[in-house]
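Written out below as structure tokens is the structure these notes cover.
What follows draws every value from the coordinates through simple rules; no lab data is involved. Everything numeric in this text was worked out from a predicted model, so none of it was measured. Here the Cβ is made from the backbone with ideal geometry for all residues, glycine too, and neighbour counts use every protein chain on show.
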């Protein structure tokens, strides 16, 4: 499995545990970790937001269809061997990870909080860690060899785009 941590600062204990757990799952062939733009700190709290982009291994599956709407034929379609809901159920069974706070078809979200009291201080702060997991589906079959050949460092991420006279909108990661 390839892990790209170039866009990540390395902050977040829960994110580190989540990366270690994802590395143990064979169906995950690529993982990219990024700091989300929502990270901030204020009086009495720190918010860490990290985003994980996973690529699942694929396998060919025959699909029946018709050529020109007349002749029957079967073609091979690459399908992922794991889905985000399946990944969430696997992670829920692991000790130290647990149940996700939010799950839908495109995202798994974990929100963890802890109270941090530094030594020699009278007042601590609350550390809130938000981790979102997205699935990225590149075009074509996904194996270790094709990931190395394609240099999957170009896995698309959510990028802001401007529309004429409207507020910022966010593009979804490629599916």
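Remarks
- Footprinting exposure proxy for 87, 47 (fewest neighbouring C-beta atoms within 10 Å first): 47, 87
- Whether region 1-89 is rounded, prolate or oblate, judged on the alpha carbon gyration tensor where a/c under 1.5 counts as rounded: prolate
- Sorted fewest first by neighbouring Cβ atoms within 10 angstrom, 132, 123 come out as 123, 132.
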